[in-house]
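Q: Following this message is one structure expressed as structure tokens.
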């Protein structure tokens with residue numbers, strides 16, 4: 001009886017174990033751990049052993065067996081009573097024992113055997129079959145990995161275009177040692193980013209780094225129209241007045257484009273008309289004074305530096321014109337045309353072409369002509385030439401003596417190159433370098449497949465390779481710089497156009513359609529804006545949204561507002 | 001061990017003793033059959049009632065018969081006493097019945113011949129001094145008079161005027177009562193009820209039984225039934241009943257049944273918890289075993305089975321279970337409580353029961 005019960009429990013435990021094994025095998029199959037599937041069947045054996053163990057621990061006592069037999073045989077607890085009789089000699093117990101013997105003797109063993117199988121055991125083949133089936137089934141296909149988050153893909157670029165232009169900031173001179181350090185740091189960050197990109201970097205991280213670099217570059221640029229310099233800039237612009245000759249320079253200054261302003265000053269310094277130059281110098285000095293008085297220290301220093309540079313440029317131009325006048329008879333017609341353009345417009349390109357013409361003219365001089373040139377130079381020196389000339393009196397004398405020889409001619413050529421070479425202010429050079437780095441950052445973003453956010457001068461026509469180009473063309477900021485579109489060509493060529501009249505009078509634009517080069521796009525958020533590629537939305541945008549165009553700032557002065565209310569209205573609208 | 005029982009103990013058993021006991025069992029069974037047959041000459045139907053009264057007789061316990069008037073309760077007792085060679089007495093309980101009317105009293109007896117009219121007290125025994133006492137309509141007397149039976153029923157003795165008088169054995173009280181709801185009745189005190197081994201519910205006769213009753217009682221009077229059992233026979237049967245063996249699991253089952261009838265017991269079924277105020281006590285468990293022994297004896301067995309306990313549970317426990325207010329309000333009967341106990345209290349361990357039921 002005990003064996004049958006243990007076997008029954010073992011079967012039950014085995015069934016339970018097999019059921020667990022089937023579940024485990026299925027779980028292994030779904031997990032694609034195919035080699036472990038057959039081991040799930042071992043759970044059946046474990047369950048059987050557990051069942052047998054359980055049956056052993058729950059083994060029936062003799063009394064339980066007697067009760068079971070009485071129940072099965074219907075012997076009305078005869079066996080149970082006889083079991084408890086022991087060695088008692090009571091007559092009733094003696095009779096009970098005798099009857100118990102009779103009951104056991106006549107009992108059918110098949111009837112009293114505990115059942116081995118239960119109906120649940122009929123389901124044993126099911127989990128076993130499931131295990132076999134799961135072991136036989138091929139493993140399911142591997143699940144496709146989830147798509148990468150936008151920008152999470154790894155980018156590996158050996159040399160990302162544009163980053164080296166940011167690295168060039170290391171060679172730029174800052175306004176002070178602190179700015180030098182910041183520029184060095186930006187360059188170092190660009191170099192580090194380039195190296196990390198060569199090893200592989202997430203696209204979004206790379207874009208974020210570039211955006212930070214561009215933010216750093218934007219922070220280093222001169223902001224002549226910011227809160228601190230605005231009133232000073234306004235005052236400086238008033239100092240330039242409404243002189244026609246200074247109009248372009250004033251416009252460049254009002255746009256905060258120090259490079260364009262520097263170009264205009266170069267042209268003014270090159271001009272032969274002394275009144276224009278004097279006017280420009282006085283305007284610069286007055287503007288610097290006004291700016292300093294208004295507390296715009298940065299702007300005042302920039303203007304003063306520009307004034308000092310203006311004087312040097314003026315001396316260079318004078319020297320160039322002196323030499324050209326000395327050999328005017330030997331100049332080619334093109335050189336003479338360049339000389340005339342140089343006198344009238346002061347265009348640096350004309351200066352460069354004139355320098356080339358002068359070199360050719362000096363090579364063709366006869367000894368007699370060289371002698372006459374030397375004499376003229378001596379007469380010029382004796383006539384009291386300006387001390388500010390790049391060539392001092394003694395140097396001109398030395399040069400006049402050397403003109404008799406070939407070495408003298410060679411030295412003069414080199415001097416000419418120096419004279420014709422355009423000289424930029426420190427601020428302009430720095431702005432130029434920062435702008436170039438910013439465009440490098442933009443190119444780097446484009447190289448990573450992002451659409452760069454236009455910055456203050458991003459894509460503008462103020463490319464240093466052609467500083468003045470496209471300043472007037474304005475609208476096509478993304479167009480590559482070229483020589484076309486210069487509005488300053490006042491040469492002797494044919495410039496008459498044939499623009500037909502447009503039949504559309506009613507299409508006049510009422511709004512000011514002027515788009516200042518380098519001006520902000522409408523609605524563009526600069527700085528740490530959520531919309532920037534690679535940036536997070538947790539950063540507060542701190543760009544130049546708070547800045548206004550200079551034309552807007554000065555609008556109150558030019559508006560039709562009575563004089564007595566103008567200041568009040570201006571204060572009201574002052575940001 | 002069972003195998004050892006078969007192999008070793010059987011030869012050691014005194015087969016003579018066993019045979020003797022078996023013969024006594026057979027005799028008892030034969031006697032009871034004859035007794036039933038004699039009673040059946042007078043009483044029509046009521047087999048269960050007669051059977052249960054015999055349980056009480058064999059187990060030396062008192063029996064309370066409850067039923068509506070006219071169901072033959074008194075006739076049954078009178079017939080039974082006629083079949084037994086025992087002294088019969090009857091007490092008709094009425095509201096003005098006094099305890100001394102039951103137990104008896106000392107009466108002053110004057111000696112007529114003596115000078116000075118000297119007298120002495122003589123005990124005038126009451127009807128309690130019988131062997132088969134019929135306490136007819138016991139609940140019509142006041143509780144004070146009902147309580148006069150307490151000492152006699154429990155100790156088989158009566159104390160009158162400070163003198164204790166032992167009653168002659170066997171002493172067997174058969175009481176009848178009308179349902180409590182009937183007018184002019186007093187409920188028996190719990191202590192009094194507990195003295196009764198069994199409370200037998202006398203049902204109304206069926207149509208056939210009633211027809212037979214009419215045929216017998218409206219014709220020529222029939223004679224008295226024959227005496228079946230002598231005093232010695234009765235005593236022998238009662239002794240034999242006490243010798244019936246009871247296994248420990250059966251005793252435990254009786255203990256579990258009685259224990260579960262208490263509403264505060266952990267194993268008490270929900271109905272008991274809700275509808276019972278007091279459950280059966282120790283005397284109830286004793287009565288259960290004694291009655292079960294009588295059942296086994298009447299069936300010719302030398303031991304008690306679970307089924308015997310289940311058969312006797314209702315008459316033994318129904319007057320020992322006091323319903324709570326909620327139980328009475330819900331019209332729960334004590335017989336329902338007993339059925340619930342039998343349904344909820346297992347006879348065997350669960351695993352054994354499950355294996356025994358498995359096919």
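Only the coordinates and a few stated rules stand behind these numbers; no lab work does. Everything numeric here is computed off the predicted structure, so don't read it as measured data. Quick reminder, even Gly has a Cβ in these numbers, built from the backbone with ideal geometry, and neighbours come from all protein chains shown.
Q: What is the Cα centroid distance between the range A:51-82 and the range A:301-334, reported in whole angstrom?
A: Each part's Cα centre sits 128 Å from the other's.
Q: Also: What ranking do B:148-155, A:105-112 get when scored by the average of other Cβ atoms within 10 Å per residue, highest first?
A: Sorting B:148-155, A:105-112 by mean packing, highest first, produces B:148-155, A:105-112.
Q: I would also like to ask the following. In whole Å, what is the distance between the alpha-carbon centres of the range A:96-113 and the range B:132-186?
A: Taking the Cα centre of the range B:132-186 as reference, the centre of the range A:96-113 is 48 Å away.
Q: Could you check the simple spin-label distance between residue A:219 and residue B:235, using points 7 Å along Cα→Cβ, in nm with one decimal?
A: With each label point 7 Å from Cα toward Cβ, the separation is 12.4 nm.
Q: Just B:345, B:107, B:332 to compare: in a GNM of chain B, with alpha carbon springs under 10 Å, which one fluctuates most?
A: B:107
Q: Could I ask something else about it? Using a 10 Å cut-off around each Cβ of peptide B:292-304, what is the average number of partner chain Cβ atoms that fall inside?
A: On the way: counts 0, 1, 0, 0, 3, 1, 0, 1, 0, 8, 13, 14, 3.
Mean number of neighbouring Cβ atoms from other chains: 3.
Q: Answer rounded, prolate or oblate for chain B, using the Cα gyration tensor with square roots of eigenvalues a ≥ b ≥ c: rounded when a/c is under 1.5, else prolate when a/b is larger than b/c, else oblate. Show your work: numbers first, answer last.
A: Values: a/c = 1.65, a/b = 1.39, b/c = 1.19.
Prolate is the answer for chain B, as a/c is 1.5 or above and a/b outweighs b/c.
Q: Specify the angular offset, from 0 to 90 degrees and rounded to the nearest 10, of the alpha carbon long axis of helix B:47-58 from the longest principal axis of the alpha carbons in chain B.
A: So the helix axis and the longest Cα principal axis differ by about 80 degrees.
Q: When the chain is fully extended, how far beyond the present Cα-Cα distance does residue A:157 get from residue A:311, taking 0.36 nm per residue of separation? Let's see the in-between values first.
A: Values: separation 154, 0.36 × 154 = 55.44 nm, distance 4.78 nm.
The residue A:157-residue A:311 span can extend by a further 50.7 nm.
Q: Relative to the longest principal Cα axis of chain B, at what angle does helix B:306-317 sit, 0 to 90 degrees, rounded to 10?
A: For B:306-317 against chain B, the angle is about 40 degrees.
Q: Now for a different question. Set the Förster radius R0 to 41 Å, insert the Cβ-Cβ distance between residue B:278 and residue A:61 as r into 1/(1 + (r/R0)^6), and round the FRET efficiency to 0.05. Show your work: numbers first, answer last.
A: On the way: r = 35 Å, r/R0 = 0.85.
Here the calculated transfer efficiency is 0.70.
Q: If packing is taken as the average count of other Cβ atoms within 10 Å, what order do B:53-62, B:67-76, A:310-319 fall into, highest mean first?
A: In descending order of packing, they fall as B:53-62, A:310-319, B:67-76.
Q: With the Cα gyration tensor of the range B:175-250 giving a ≥ b ≥ c as the square roots of its eigenvalues, does the rule (a/c under 1.5 for rounded; else a/b larger than b/c for prolate; else oblate) give rounded, prolate or oblate? Mind showing how you got there, number by number?
A: Details: a/c = 2.12, a/b = 1.21, b/c = 1.76.
It is oblate, given that a/c is not under 1.5 and a/b is not larger than b/c.
Q: Give me B:278, B:253, A:572 sorted ascending by neighbouring Cβ count inside 10 Å, so fewest comes first. Could you put the intermediate results ahead of the total?
A: Working: B:278 15, B:253 23, A:572 9.
Exposure proxy ranking, most exposed first: A:572, B:278, B:253.
Q: Something else about it: Gaussian network model of chain B, Cα springs within a sub-10 Å range: biggest mean-square fluctuation belongs to which of B:32, B:19, B:89?
A: Sorting by GNM fluctuation, first place goes to B:19.
Q: Quick check: pseudo-label points 7 Å beyond the Cα along Cα→Cβ at residue B:252 and residue A:325, how many nm apart are they?
A: 13.9 nm
Q: Right, another one. With label points built 7 Å along Cα→Cβ from the Cα atoms of residue A:33 and residue B:37, find their separation and express it in nm.
A: Placing both labels 7 Å beyond Cα along the Cβ direction yields 8.2 nm.
Q: Ok, one more. Using a Förster distance of 35 Å, how high is the FRET efficiency between residue A:344 and residue A:559, based on the Cβ-Cβ distance and rounded to 0.05?
A: Numbers: r = 36 Å, r/R0 = 1.03.
Taking R0 as 35 Å, the efficiency between residue A:344 and residue A:559 is 0.45.
Q: Across peptide B:242-252, what mean number of C-beta atoms from other chains lies inside 10 Å of a residue's C-beta?
A: Numbers: counts 1, 5, 5, 14, 4, 15, 5, 10, 4, 1, 0.
Mean inter-chain Cβ contacts per residue within 10 Å come to 6.
Q: Another question, if that's okay. For Cα pairs less than 8 Å apart in space and 6+ apart in sequence, what is the mean separation divided by the residue count of chain B, i.e. the relative contact order in percent?
A: Details: 589 pairs, mean separation 70.9, N = 359.
It comes to 20 percent, rounded to a whole number.
Q: For chain B, give the share of DSSP beta bridges that are antiparallel, in percent and rounded to the nearest 5; count only bridges with both residues there. Don't skip to the answer; put the middle values down first.
A: Details: 13 of 33 bridges.
Bridges in chain B that DSSP calls antiparallel: roughly 40 percent.
Q: How do the peptides A:440-447, B:43-50 rank, highest first, by the average count of neighbouring beta carbon atoms within 10 Å per residue?
A: Values: A:440-447: 22.5, B:43-50: 18.9.
Top of the packing list down: A:440-447, B:43-50.
Q: Could you work out the relative contact order of the range B:244-353? I mean the mean sequence separation of Cα pairs under 8 Å and 6+ apart, divided by the number of residues, in percent. Kindly include the intermediate steps, with their values, before the conclusion.
A: On the way: 161 pairs, mean separation 36.4, N = 110.
Value for the range B:244-353: 33 percent.
Q: Between residue B:110 and residue B:201, what length comes free when the chain is fully extended (0.36 nm per residue of separation minus the Cα-Cα distance, one decimal in nm)?
A: Result: 27.9 nm gained on full extension.
Q: Compute the angle between helix B:73-83 and the longest alpha-carbon principal axis of chain B, please, reported from 0 to 90 degrees and rounded to the nearest 10.
A: 90 degrees
Q: Is the range A:2-136 rounded, prolate or oblate when judged by the Cα gyration tensor, a ≥ b ≥ c being the square roots of its eigenvalues, rounded requiring a/c under 1.5 and prolate requiring a/b larger than b/c? If you can, show how the numbers build up before the last one.
A: On the way: a/c = 6.00, a/b = 3.53, b/c = 1.70.
Because a/c hits 1.5 or more and a/b exceeds b/c, the range A:2-136 counts as prolate.
Q: Determine the relative contact order of the range A:2-136: mean sequence separation of Cα pairs under 8 Å and six or more apart, normalised by residue count, in whole percent. Working shown, then result.
A: On the way: 169 pairs, mean separation 48.1, N = 135.
For the range A:2-136, the relative contact order is 36 percent.
Q: Further question: Just to verify a number: FRET efficiency for residue A:289 and residue A:196, C-beta to C-beta distance, R0 = 60 Å, to 0.05? Intermediate values should be presented prior to the final figure.
A: Numbers: r = 49 Å, r/R0 = 0.82.
The formula returns an efficiency of 0.75 here.
Q: Using a 10 Å cut-off on Cβ to Cβ distances, tally the other chain neighbours for every residue of B:344-352 and report the average as a whole number. Don't jump to the answer; show the numbers that get you there.
A: Numbers: counts 0, 0, 0, 4, 8, 6, 0, 5, 11.
What the average comes to for B:344-352 is 4.
Q: Between the range A:242-299 and the range A:165-220, how far is it from one alpha carbon centroid to the other, in angstrom?
A: Using only Cα atoms to place each centre, the spacing works out to 32 Å.
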